[in-house]
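What follows is a set of notes on a single structure, which appears directly below.
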Amino acid sequence: MGLPLLLGYFLYTLRARVQPNWIVPAVIPLLCLAALQADASWRRGARWVRGWFIAGLALGLPLVVLLHDTNLTGKLLGQPLPAKFDPLNRVRGWKAVAEAVEAERQKVLTAEGKPVFLIGAHYGLTSLLSFYIPEAKAGVPHAPVVFYQSSEKPENQYGFWPGYAARKGHSAIYVQQLKKGAQPEPPPARLTAEFARIEDLGTRHIEYRGRPAHTVRLLLCRELK
């Protein structure tokens with residue numbers, strides 16, 4: 001089934017964008033097929049298999065090591081990779097993002113004295129906050145602290161789980177990741193309609209080892225209707 005899946009996603013790229021991880025289920029069976037073919041060729045006396053195997057190890061092993069920890073390039077080259085060339089930049093710094101968001105939530109919680117929950121603008125950001133904020137992680141699934149922004153119809157798996165509609169009168173902090181150079185836009189119309197008023201708490205710039213990693217915008221949404 002690996003080849004049909006790979007071909008299917010290849011054809012889909014003609015219509016829309018495909019994420020790199022979508023083809024992962026096809027990789028393992030195709031590698032097994034390649035190993036079987038190489039073994040059969042070796043048994044028939046095809047000595048080119050040995051050369052390809054050595055070349056694969058010589059090229060693949062260093063790449064695997066470096067891609068699992070790109071910080072090693074700083075030790076090898078004397079300076080770290082620029083953020084825009086670092087393939088791991090997008091997965092780093094999220095714990096610091098969660099800490100910055102949670103610090104703001106605790107500040108509002110202390111000032112107002114009533115529960116404050118979090119709303120993620122993207123399902124990935126919602127998941128990361130749920131994982132890295134201890135209270136949020138402990139509260140899943142019975143007492144969640146982090147929710148995905150509501151929508152009229154399910155947009156992802158969060159659409160099938162309980163939302164925050166029952167938290168009438170509570171305040172929330174809306175968390176949105178900003179792309180590099182992007183300017184903040186007005187709050188989503190649905191969010192504005194759900195809360196009595198919304199205050200802009202500004203942006204937080206998160207760094208990883210002195211390099212820019214993420215920028216998030218925080219909106220304080222008061223009194224869920």
If you go through 132, 158, the only one that is closer than 20 Å to residue 189 by Cβ, assigned by TED's automatic domain parsing to the domain that holds residue 191 and in contact (Cβ under 8 Å) with a residue 24 or more places away in the chain is 158
With 201, 219 as the choices, which residue is farther than 20 Å from residue 93 by Cβ, assigned to a strand (DSSP E or B) and at pLDDT 95 or above?
-> 219
Between a first residue in region 1-15 that is assigned to a helix (DSSP H, G or I) and a second residue that is of a type in the set (S, T, N, Q) and surrounded by 12 or more Cβ atoms within 10 Å (Cβ to Cβ), which pairs have beta carbons less than 8 Å apart while being 6 or more apart in sequence or on different chains?
-> none
Hits in region 128-154 (condition: hydroxyl-bearing (Ser, Thr, Tyr), within 15 Å of residue 173 (Cα to Cα) and out of contact with any helix residue (DSSP H, G or I) (no Cβ under 6 Å at 6 or more places or on another chain)) = 150
When residues of region 20-63 are limited to those that are of a type in the set (Lys, Arg) and not in a helix (DSSP H, G or I), the one farthest from residue 87 (Cα to Cα) = 44
Take the residues in region 124-155 that are buried (at least 19 other Cβ atoms within 10 Å of the Cβ) and in a helix (DSSP H, G or I), then tell me which one is farthest from the chain's Cα centre (by Cα).
-> 136
Taking region 84-99 as the search range and keeping residues that are in a helix (DSSP H, G or I) and buried (at least 18 other Cβ atoms within 10 Å of the Cβ), which one is nearest to the chain's Cα centre (by Cα)?
-> 94
Report yes if some residue within region 64-83 is assigned to a loop (DSSP other than H, G, I, E, B), at pLDDT below 90, among the aliphatic types (A, V, I, L, M) and closer than 30 Å to residue 133 by Cβ; otherwise report no.
-> yes
Can you tell me which of 167, 190 is part of a helix (DSSP H, G or I) and either of a type in the set (Asp, Glu) or more than 20 Å from the chain's Cα centre (by Cα) (or both)?
-> 190
Test result for residue 103, of a type in the set (A, V, I, L, M, F, W, C), in contact with a Pro (Cβ under 7 Å, 6 or more places away or on another chain) and within 30 Å of residue 218 (Cα to Cα) | no
If the Cβ limit is 7 Å and pairs must be 6+ apart or interchain, which residue in region 176-202 that is in the same structural domain as residue 126 (by TED's automatic domain parsing) and closer than 10 Å to residue 217 by Cα pairs with which residue that is at pLDDT below 90 and surrounded by 13 or more Cβ atoms within 10 Å (Cβ to Cβ)?
-> 178/184
Looking at (1) under 15 Å from residue 224 (Cα atoms); (2) modelled with pLDDT under 95, which is the only condition residue 139 fails?
-> (1)
Hey, does region 107-123 have a residue that's over 21 Å from the mean Cα position of the chain (by Cα), assigned to a strand (DSSP E or B) and surrounded by 14 or more Cβ atoms within 10 Å (Cβ to Cβ)?
-> yes
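The values are calculated or read from the model by the stated rules, or taken from the named source; none is laboratory data. The model shown is predicted, which means the values in this text are computed figures rather than measured ones. A quick note on method: Cβ atoms are made from the backbone with ideal geometry, for glycine too, and the neighbour counts reach across all protein chains shown.
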